[in-house]
Structure formats: C-alpha cells, structure tokens
Amino acid sequence: MNDAVNKKNKCLFIEKYSNIFLVTGPILTAYSFGGVSITFLMGIILFFLNFLYRKSMKLYIKTEYLPLIIYVLLTCLLSFNGLLVLDNTKNLVNAIIGQIINIMFFLIAWDNTELKSIIKYADAVGGICCIFAIIQLVMLLVGKEVPIGKIPFLKLETTWIPEIWGFRINSVFSEPSYFAIFLLPIFTYHLIKHEWRKTVFFGMFVLLSSSSLGIISMTVILLEQVTVASIGIKNKSKIILGIISIVIGLGIILNSSTGLGKMLNRTIEKIEEVFYEPKGENTMRLKGYIEFYELLPMKEKLLGVGISQLRNYYLEHGYDLSNYSNSFVLTLINSGAVGFTILIIYLISLLMRAFKNNAIPFFILMFLVLLTDSILIGYRFYWICMYIYLKKKEEN
C-alpha cells in the first residue's frame, strides 16, 4: 500500500515539475545563473527526477516523436560542415550539444505529463504575464517609467528591447513578439475547446502586445475556425460576434483615448509593414537575408554553415549581420539546401500528425511563426510543437 502511495506521489511530483519546466521555459531561456542556462539547470533536475521515478537511465521514445528526433539529429549532423568553414567553432560545438540535450529534456517532460495538465499551468503563468502587461500599459499611459520585465537577480543572456518604444508591451519577455508567441497556443487551445472567456482574455493581450506576427496569426486561426473547422453554426456565430465586438471596441478606443489610439494606429502600420516597407519593398521579416545565400560557395549552399552560425560566418567574411531571419531562410543558410529539404519533409510529417491529432490550428500557428520568425529549434519551437504532439493524449 505504501509503495503504491509513494509511486503515485512521485508520479504527481514529476508531472508538476514537467509542467513547470515546459511552461516557464520560453521565459527563463533568456537567463543564466552562475554562467549556466537556467533552463539547462531545470532540465538536469528533470532528468534526475525521471531517473528516480523510472529507476532507469533509458529514454522511452514514442514513435510519433521519431520524425522530430530525426530532423534535429540530421540538422546537427549537417552542422559539422561548419567546423570546416568557420575559424571560431566554439559557438557551433555548443549549439550542436545544446540541441541534442534540449530535445532529450523535452521528450522526458512530454512523456511525464499531458496537455490538459500543462494548460492549467500555462493559464496561471500566462495570467501573471498579462497582469504585468497591464501594469506596463497603465504606467505608459500615465507617463511614468515603464518596468521592462527583466528578472533582476538573474544574468541576461539575450538582447532586450531598450524601452517600450512608446507603444509596445512586452510583459516579462525580451520582445513583444515573444510575448505573443507564448500566448497564441494558449489562446488557440481555449478557442478550439470553446472556452470563450479565456479565449477573449488571452486574445486581447495578443492584440495589446502589438506584435504583427501575433495579430496576423490570431486572425488567420479565427478565420480557419469560422470557414473550415467543423465546429457548428452556433460556435462559428459566437466567434464572428466576438470579432465584431473587438472591432467595435477598437473603434471606441480610437475615439476615447489619445494614448491608446496612437498605440493602435502604430500597430496597424506595423502589420502593413510586414508585407511592404514604406518604399514598397518586401520586408526583412519575410525575405530575411535570402540575398546572402547566393554568396555562399556551392558546398555551403548544399550543407550550410552550421546551427545558429549565420552571423559568425558572415562576420568572418566581412558582413555584419544580425543572427536573425525567418526560419526558412535561416535554414537555407545554416543547414543548406539539404537541411531545407529535411525541414520541409519534417513539416509534412508534422502536418500529418496534426491531422491525426485534430490539431490543425496549432500547425497553422507553427507555419506562420516559422514564416516570420527564427524559432528553429529552440524553446518557442518546442512550445508550439508540444500542442500538436500532445493534443491526442489530452483528448484520451
């Protein structure tokens, strides 16, 4: 009897810890403690908890995760070409090791929980983030200094927006778009479950983030639910009514608050700039550094320069570029045409998994984020992937 109780308690503890690891990862990945990544430290603890619970060092890999594992391993394998072309290979070696360790941590966490359990933690953490966003908004509107959301006692390992830029709300994330990416799967989950209050709540904060990616993605998912999804006329009518209410509410904001009106107008301008810059050219968001792919030698065009090595490679060749592009262009440069082909094959397998798990809205979200942001293969990537892979388990 006591053994059964102890086993149940261990199971509940590792499930709770897995949920905390998964939900806080997109936030804490920006920080380190004592020179070690916070998320890595949390992953190590998860690994040993899993060992204590399973009483084995073996990792039980489910067949549905094999395409993801193969994609990550092949991408790491292609990155070995970077060891031949880069003068400084330290960052590349760290990136390869990091990717292998990361996927191990996520597979352990996914195996010890389910989506229904995760979403409770996501609602709680998301709610806290939204409350902090309200504080930022209030301080912005009254002309006070706006808290930018950094955790003060941890060392920051990424760039952070220097201010709120007069209208952008980032909550506790380094960029407003990361705030939106965190909220979008939570919003989508409640939308397809027809939990309208939570849908409206998280949807309003995606709007408040002013993230073009967030607003466009949310709009596309809403349209998919209204036009394609088999959810019944009643639920489609509720979604349409909600959209109309939001439009009317935005109109009221424009006429009643100068500060909020400026925020809204600038947000609309940003959405337009996703597709066209003021001069009429395609934006960096969509085309990335695609022109620099043509500068690569043929071998690097095929095999790439290594995971996360875009900036390092071009710095060594006289170009000062940021380590950023949309995920498809980034794959072309970092993993070459071969890696790009592997990515497309993986996305096809992910789409098939989404059909099987009735998780198409999450795949749409994944594709839109890949199209405009460099999320491969980091915490934000796994954050969205999780909803596709675990949706079936939640339904069962």
* To do: Evaluate the stretch 79-102: report whether one residue or more is in contact with a Phe, Trp or Tyr (Cβ under 9 Å, 6 or more places away or on another chain), within 20 Å of I333 (Cα to Cα) and not in a helix (DSSP H, G or I).
  => yes
* Which residues, counting only those in the stretch 159-195, are open to solvent by less than 60 Å² (accessible area, probe 1.4 Å) and modelled with pLDDT under 85? -> W160, I161, I164, G166, F167, R168, I169
* Structure fact -> Of the residues in the stretch 64-85, those that are open to solvent by 30 Å² or more (accessible area, probe 1.4 Å) and aliphatic (A, V, I, L, M) come to L66, I70, L73, L74, L77, L83, L84, V85
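Quick grid of which residues meet (1) surrounded by fewer than 18 Cβ atoms within 10 Å (Cβ to Cβ); (2) out of contact with any Pro (no Cβ under 9 Å at 6 or more places or on another chain); (3) modelled with pLDDT of 95 or more; (4) over 28 Å from L52 (Cα atoms):
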{"position": "D87", "(1), (2), (3), (4)": "yes, yes, no, yes"}
{"position": "L92", "(1), (2), (3), (4)": "no, yes, no, yes"}
{"position": "I108", "(1), (2), (3), (4)": "no, yes, no, no"}
{"position": "N112", "(1), (2), (3), (4)": "no, yes, no, no"}
{"position": "K116", "(1), (2), (3), (4)": "yes, yes, no, no"}
{"position": "A122", "(1), (2), (3), (4)": "no, no, yes, no"}
{"position": "V142", "(1), (2), (3), (4)": "yes, yes, no, yes"}
* Asked: In the stretch 280-287, is there at least one residue being exposed (fewer than 11 other Cβ atoms within 10 Å of the Cβ), under 26 Å from S327 (Cβ atoms) and either modelled with pLDDT of 65 or more or not aromatic (F, W, Y) (or both)?
  -> yes
* To do: Inspect all residues belonging to the stretch 207-225 and state whether any of them is within 22 Å of V146 (Cα to Cα), of a type in the set (V, I, T) and either in a helix (DSSP H, G or I) or touching a Leu at 6+ places or on another chain (Cβ under 9 Å) (or both).
  => no
* To do: Would you mind stating whether Y313 is over 20 Å from the mean Cα position of the chain (by Cα), in a loop (DSSP other than H, G, I, E, B) and either of a type in the set (F, W, Y) or closer than 22 Å to L368 by Cβ (or both)?
  => no
* Of all the residues that make up the stretch 34-78, how many are out of contact with any helix residue (DSSP H, G or I) (no Cβ under 6 Å at 6 or more places or on another chain), of a type in the set (S, T, N, Q) and part of a helix (DSSP H, G or I)? -> 1
* The lone exception for S209 - which of (1) modelled with pLDDT of 85 or more; (2) open to solvent by 10 Å² or more (accessible area, probe 1.4 Å) it fails -> (2)
* To do: Evaluate the following for N81: is it within 25 Å of G35 (Cα to Cα) and more than 24 Å from the chain's Cα centre (by Cα)?
  => no
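Do the conditions hold for T267, that is, is it modelled with pLDDT of 65 or more and hydroxyl-bearing (S, T, Y)?
Yes: the conditions hold for T267.
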* Structure fact -> G143: passes all of (1) on the phi < 0 side of the Ramachandran plot; (2) not in a helix (DSSP H, G or I) but (1)
* Asked: A337 fails exactly one of the following numbered conditions: (1) assigned to a helix (DSSP H, G or I); (2) over 28 Å from Y314 (Cα atoms). What is the number of that condition?
  -> (2)
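Yes or no, residue by residue, for (1) open to solvent by less than 10 Å² (accessible area, probe 1.4 Å); (2) modelled with pLDDT under 95:
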residue: I344; (1), (2): no, no
residue: L351; (1), (2): no, no
residue: N358; (1), (2): no, yes
residue: M366; (1), (2): yes, no
residue: I375; (1), (2): yes, yes
residue: G378; (1), (2): no, yes
residue: Y382; (1), (2): yes, no
residue: L390; (1), (2): yes, yes
residue: K393; (1), (2): no, yes
* Asked: Yes or no: H190 in a helix (DSSP H, G or I), over 17 Å from the mean Cα position of the chain (by Cα), over 12 Å from I243 (Cα atoms) and of a type outside the set (F, W, Y)?
  -> yes
* Taking the stretch 146-159, which residues are part of a loop (DSSP other than H, G, I, E, B), under 20 Å from F40 (Cβ atoms) and not basic (K, R)? -> I151, F153, L154, E157, T158, T159
* Asked: Only one of (1) touching an Asp or Glu at 6+ places or on another chain (Cβ under 8 Å); (2) in contact (Cβ under 8 Å) with a residue 24 or more places away in the chain; (3) more than 22 Å from F40 (Cα to Cα); (4) open to solvent by less than 30 Å² (accessible area, probe 1.4 Å) is not met by A133, so which one is it?
  -> (1)
* **Residues (open to solvent by less than 30 Å² (accessible area, probe 1.4 Å) and among the aliphatic types (A, V, I, L, M)) located in the stretch 94-106** => A95, I96, I103
* To do: Please find, among E291, E272, the residue that is of a type in the set (D, E), under 27 Å from V329 (Cα atoms) and at pLDDT below 85.
  => E272
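The values are calculated or read from the model by the stated rules, or taken from the named source; none is laboratory data. Everything numeric in this text was worked out from a predicted model, so none of it was measured. Positions of Cβ are generated from backbone atoms using ideal geometry, with glycine treated the same way; all protein chains shown enter the neighbour counts. SASA here: full protein model, heavy atoms, side chains in, ligands and nucleic acids out. Shrake-Rupley method; radii C 1.70, N 1.55, O 1.52, S 1.80 Å.
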